[in-house]
Structure formats: C-alpha cells, structure tokens
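Only one structure is covered here, and it is reproduced in the block below.
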Amino acid sequence: MSGVAGKGIHDVGGDPAPACDPDDHPHEYWERRVDALMVLLSGAARSPDVAAASRAGAALLRVDQIRRQIEALGSRAYGEMSYYERWSHAIAGVLLESGVITTAELARCMEPRAAAPGGSAGAGS
Amino acid sequence: MTAAAVDPAFRVGDRVRVRRSDPPGHVRTPFYCRGHSGTVERICGRFPNPEELAYGRPGLPPIPLYRVRFLCRDLWPDYAEHPSDVVEIEIFQHWLEPAAAPAAPIGAKR
C-alpha cells in the first residue's frame, strides 16, 4: 500500500524504485498466448485504429477496461501476480462482465485436465 | 451518440494546473502531477475519454488531449538533478484548469 489516499496501487510514477534490469526477459509460452489473446480480443489485429475496430464490433474488449481490472486487484494480488498473470486475470474479468463468457464456462476450463492416457482409471473421459 | 465535439480550451504555451482530485474508479492522470502547474507543449488531438472506455462505454464525444510539460523541481521539491529537467505528461482536458500568470513558459520563444 502506498498509504496515500486516492493513489492507486498501480500509480507508482515518481515513487522511489529499485534499479531496473534492462536485460531481455524470456517469456513463457503461455505468456505469449495471453499477449496474442489480447491482440485478438481488442481488435488490434484487424485494424491499427482500435477505436474504429471497436465501433465496427471487431473488439470484445478495450485496453482501458483491462487497466481498470488490473487497478482493482487488491494490493496483495497485485504484488504477487506476474505481469501476464495480471493480464490474464483482467481479460477474464472483462469478458465475464460483458457476458462473452460465463463463470461456469471459465470454471470448467480451469478444472484440472483429465489424466494423461495410461494414467489412473476412473477419472472420466 | 451525437454529442458535439469538445473544442480545445488551451493553446500551446498556456499555463495549466492539474486538478487536485481523487475520484474513485479508473483515472488516467498520474497522482504525482495533480495540483501542479505546467505548460502546454502540444495539443495531441481529440480522443474518446479513456476513463469512460474503461467501463465499456463509448467515451464520446472525443475530448482534447494535451502534452503538458512540468519542471521536475516543481513536482518534487527535493529534486536534486539539473534544475531545468522536465517531465512531459499527456493529460485530458477535463483534468486541466487555467493556471496563474505565466512564469516564463519553458522553452517558449516570445
């Protein structure tokens, strides 16, 4: 917590900060997929003009909605999640809000995957 | 939605002050510049209000966006680097109000 009323957890501009590591950070495969999902959902892949894409119905979310979702994370979650974990959480939040997906659908997708072939029997098909 | 376009209220070189406001919700003006005065460096154009877009609304009519130049030592009283260092922040018109008489606008050739 910043301890300053009205200052969001994300609003760190001007605050003291540790040294920045300028090296390239390797990304996990799932992180690339989250990035790609954002491009597709925001309509950026179809048009460089995101506003026009949104009006045309090509966009299912706006980056502004993503920012709002991330800002609304509690300070603990915000601090513990990695960058793309926050994105992933925010994408799900916006799509739930707008009715593109339901909580039941999301829950189903987040269930542990069925055991690999040859694994223990009786886990369902 | 056919609300009239919002015309720019400020010109390049104008002194402006960022409103000292802490509204709830999605805010696109950094905390550290609120209440401080700077100089309009350029008018970036008109854009849908991101503070409305954040809630899935259209954010229309588009409102003017400015790049405002602040002296670092105005933002941070204990700023110890070069006294003429500046920081430029893009701020929407509804966050700005006219500031007092120009105190030698930075970089202005008059």
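The values are calculated or read from the model by the stated rules, or taken from the named source; none is laboratory data. Bear in mind that the values here come from a model prediction, so they are computed numbers and not experimental data. Note: ideal-geometry Cβ built from the backbone for every residue, glycine included; neighbour counts use all protein chains shown.
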### Task
Search segment A:73-102 for residues that are surrounded by 14 or more Cβ atoms within 10 Å (Cβ to Cβ) and pair each with any residue that is charged (D, E, K, R) when their beta-carbon atoms are under 6 Å apart and the residues are at least 6 apart or on different chains.
A:Tyr84/A:Glu31
### Task
May I ask you to say which residue of B:Ile91, B:Ile43 is surrounded by 21 or more Cβ atoms within 10 Å (Cβ to Cβ) and either hydrophobic (A, V, I, L, M, F, W, C) or not in a strand (DSSP E or B) (or both)?
B:Ile91
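Can we say B:Thr2 is surrounded by 14 or more Cβ atoms within 10 Å (Cβ to Cβ) and either modelled with pLDDT under 95 or more than 10 Å from every other protein chain (Cβ to nearest Cβ) (or both)? Walk me through it before giving the result.
Values: surrounded by 14 or more Cβ atoms within 10 Å (Cβ to Cβ): no; either modelled with pLDDT under 95 or more than 10 Å from every other protein chain (Cβ to nearest Cβ) (or both): yes.
Criteria not met by B:Thr2.
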### Query
Are any residues in segment A:91-108 more than 19 Å from A:Arg33 (Cα to Cα), more than 11 Å from chain B (Cβ to nearest Cβ) and not in a helix (DSSP H, G or I), and if so, which ones?
A:Thr102
### Task
Name the one entry in B:Pro50, B:Pro30 that is at the interface with another protein chain (Cβ under 9 Å from one of its Cβ atoms), in contact with a helix residue (DSSP H, G or I) (Cβ under 6 Å, 6 or more places away or on another chain) and without any contact (Cβ under 8 Å) to a residue 60 or more places away in the chain.
B:Pro50
### Query
How do the helices (runs of 4 or more DSSP H) wholly within segment A:4-90 filter down when requiring 1 or more residues that are within 28 Å of B:Ser21 (Cα to Cα), in contact with a helix residue (DSSP H, G or I) (Cβ under 9 Å, 6 or more places away or on another chain) and modelled with pLDDT of 85 or more: which remain?
A:63-71, A:75-80
